[in-house]
Amino acid sequence: MSEVRTARLSPLVVATGAVWLLSFAVWMASAAYMEFPEPWKVAGRRLLLCTVGVVLCGGLHLLLQPLRRKPLWLRLAAALPLAVLASGVFIAVEDQLYHSTWRRSISEWYYLYRLNITAIAALWTFLTWCGVYFALQVGADLSEKERRLAEAETMAVDAQNRMLRYQINPHFLFNIHSALATLIHEGRNAQAEKLVMGLSAFLRRALEKEPAVGAALADELAAVREYLDLEAIRFGDRLKLVDAVDPSLLDARAPSFILQPLVENAVKHGLGATAGKVTVELGAAREGDAVLLWVQDDGRGAGVAAEHRLGLGLQNVRRRLEALYGKAAALATEAVEPHGFKVTLRFPLEPA
């Protein structure tokens, strides 16, 4: 049995039709009360005028839509003169369709009086439509924000799960335990104790952290440094960490686990692709009202295509930033000359 799909009208179309149908009903009730002659002709003219009103509302929508991301007060300020302009056009059309033919049978004073009453009614109709228009926009923005936050929360939990899976990866634990056994065998008990405490702190931080709640950048950097300290046991003096973080940004808000995939990417593709020493740089800087975070390594040649370094981890980071901040955030990658790879995050500056 074939599935039948019904087209769903947008709320704005439904609301526009409802506003002008209500206006038509009010006008027809007024015409009946005043006992206008030839009611069917009056109804025809009113329907035509309502159609003009719908078209004018469509024009208002086209003019107001570019201001969608502007502050609400600015959109309201722009809507008022546009509503006045639409009312003027509407009254000009009505005067040609209705009042000009009726004018010959009534006095000039009464003609102007009815024209002014109609103008005020038309203005209120367009203002009412603008109110409904902005109410629908606010509702749609709130729904979109809730959807993005839910998506960001899901991806944050996924990021935590990926992080924990890596932490309990047998190969990862084997390297840690192997290094621990070596330290104990060589009698370097202080270093062995430091390794155990570092692993405990790293796992505790990952397990206690709320993935859907943002944290201070200082906390995110501390978690990454703990991870790199553990990786330094695996790679020895081949791994060097350079800190290029602006201290004034340590209290800035950052998404949870946002740096972990970037650092894992640098270790995997930087250290894993060369037998030499590799420097991993963690950086943070202010750019206007935004924060720039970057992770850079010098372990792989610039000739390698950037897309080869964009695994699921970085794709997840990009999606999380889009879900949290929309177009205000971005993820950029670049090959660094003479060799290396850099990932830069940009998102709005907010206090933690």
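Give the residue, chosen from LEU97, LEU112, LEU76, LEU63, that is open to solvent by 30 Å² or more (accessible area, probe 1.4 Å), in a helix (DSSP H, G or I) and modelled with pLDDT of 85 or more.
Values: LEU97 fails: modelled with pLDDT of 85 or more; LEU112 fails: modelled with pLDDT of 85 or more; LEU76 fails: modelled with pLDDT of 85 or more.
Going through LEU97, LEU112, LEU76, LEU63 in turn, the sole match is LEU63.
Please go through segment 212-267 and give me each residue that is acidic (Asp, Glu) and open to solvent by less than 10 Å² (accessible area, probe 1.4 Å), ordered by number. Steps first, answer last, please.
Taking segment 212-267 first, the residues acidic (Asp, Glu) are 219-220, 226, 229, 231, 237, 243, 246, 251, 264.
The answer is GLU220, GLU231.
Under 8 Å by Cβ, and 6 or more places apart or on different chains, what pairs join a residue from segment 314-329 that is crowded, with 19+ Cβ neighbours inside 10 Å with one that is modelled with pLDDT under 80 and of a type in the set (D, E, K, R)?
ALA323/ARG148; ALA323/GLU151; LEU324/ARG148
The values are calculated or read from the model by the stated rules, or taken from the named source; none is laboratory data. Predicted model only: the values in this text are computed from it and were never measured. All Cβ positions, even for glycine, are placed from backbone atoms using ideal geometry, and neighbour counts span all protein chains on display. For accessibility, only protein heavy atoms count, side chains too; no ligands or nucleic acids. Shrake-Rupley method; radii C 1.70, N 1.55, O 1.52, S 1.80 Å.
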